[in-house]
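Just so you know, all these numbers are worked out from the coordinates, no wet-lab data involved. Worth saying up front: this structure is predicted, and the values here are computed from it rather than measured. Neighbour counts are summed over all protein chains in view; Cβ atoms, including those assigned to glycine, are modelled from backbone coordinates with ideal geometry.
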């Protein structure tokens, strides 16, 4: 899933784009075409790969639920198989042959035993493998039961590679690689700003793109914290919070969300007056959330806006 570092770097890059779009060609702080193109490309790449982590995490969660449901169903079906062998009449099978049949199906000493996930899979595979080899067809698991076991085991085998997070990890690795590249280009933008100024890296232009200029030891802060935002309005369809204008001294807005009984987390960032509440991930259906905004600049976060409550649907 998106993490705070990626959201913060996206926030910086988007703010840089917004500021750069407003500069005239003769402005010494106007990014060179090659640098701006690289910034745009890497930002778009990280946003796409950030979104892919959500998709892959959703796939992993779905696959995990499928595996769990199939294993639970297999446990029931395997008990049916055990009960089938146990229920064979004494006229149809000797005690010695019954123990042998239990053992062939994986029921050691004729006991049910504990059902770990690994044992469930083992018993299911054993049922499919051994049933055709049992000489007396009346002693085999019924065909209908074997069909159900085969179907549920196929669900496990299909979903397990996804459930163990293979694709999710690959998406996270790709996101992290894209994040590293955006970190580099954001650093290069800062270096360009410093190089374009006679004030070296103390230029106030850095503040415009959310960077903290270096100050001499003991110097006063170059910029105060943002003021409180105006009234925040919730768009329940787009799942975003909007204010009429950026707070004084703010370079960006940050949205936070807190599920009922949970802890607050960063939900999204924006260099405009509207912030998505789902940048960090989707909302959980049926859960009541509390949302609010803060202005942000190189000094940190300002005061919170009004809080808005919403039940996710």
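How would you rank 8-16, 173-181, highest first, on the average number of other Cβ atoms within 10 Å across their residues?
Result, highest mean first: 8-16, 173-181.
Is it possible to state the helix-based mean residue ellipticity at 222 nm for the chain, with each DSSP H run of 4+ residues giving -39500 (n - 2.57), the sum divided by total residues, to the nearest 500 deg cm²/dmol? What is it?
Estimated from H runs of four or more residues: -17000 deg cm²/dmol.
Going by alpha carbons, how many degrees (0 to 90, nearest 10) lie between the helix axis of 143-163 and the longest principal axis of the chain?
20
How long is the gain from residue 187 to residue 90 if the chain were fully straight, where each residue apart is worth 0.36 nm and the alpha carbon distance is subtracted?
Taking 0.36 nm per residue and subtracting the Cα distance, the gain is 26.8 nm.
How much FRET efficiency would the formula 1/(1 + (r/R0)^6) give for residue 72 and residue 130, where r is the Cβ-Cβ distance and R0 is 22 Å, rounded to 0.05?
With a Förster radius of 22 Å, E is 0.45.
Binning at 10 angstrom from zero up to the longest distance, how are the C-alpha pair distances of the range 226-313 distributed in percent?
Over the range 226-313, the share of Cα pairs per 10 Å bin runs 20, 55, 23, 3 percent.
How many nm separate the modelled label positions at residue 143 and residue 109, each set 7 Å beyond the Cα in the direction of the Cβ?
With each label point 7 Å from Cα toward Cβ, the separation is 3.7 nm.
Could you tell me how far the Cα centroid of the range 82-140 sits from the Cα centroid of the range 235-286, in Å?
Each part reduced to its Cα centre gives a spacing of 58 Å.
I need the peptides 127-136, 140-149, 286-295 ranked by packing, meaning the mean over residues of other C-beta atoms within 10 angstrom, with the highest value on top.
Put in order of decreasing packing, that is 286-295, 140-149, 127-136.
Taking Cα atoms, how many degrees apart are the long axis of helix 166-195 and the longest axis of the chain, rounded to 10 and kept between 0 and 90?
Value to nearest ten degrees: 10.
Mean separation of Cα pairs under 8 Å and 6+ residues apart, divided by the residue count of the range 1-210: what relative contact order is that in percent?
Reported relative contact order: 36 percent.
Taking only the alpha-carbon positions of the range 106-197 and ignoring solvent, what does the Debye formula give for the base-10 log of I(q)/I(0) at q = 0.23 Å⁻¹?
With one equal scatterer per Cα and no solvent, log10 I(q)/I(0) is -1.16.
Taking only Cα atoms, what is the 0 to 90° angle, nearest 10, from helix 4-21's long axis to the longest principal axis of the chain?
40
Using Cα-Cα distances under 8 Å and only pairs 6 or more residues apart, what relative contact order does the range 226-313 have, in percent?
Contact order relative to length: 33 percent.
For the range 1-210, which semi-axes, largest first and in whole Å, follow from the square roots of 5 times the eigenvalues of its Cα gyration tensor?
67, 12, 11
Would you calculate the separation in nanometres between label points at residue 154 and residue 3, each defined as 7 Å from the Cα along the Cα-to-beta-carbon direction?
4.0
If you take the beta carbon distance between residue 44 and residue 290 as r and set R0 to 30 Å, what does 1/(1 + (r/R0)^6) give as a FRET efficiency, to the nearest 0.05?
So the FRET efficiency works out to roughly 0.40.
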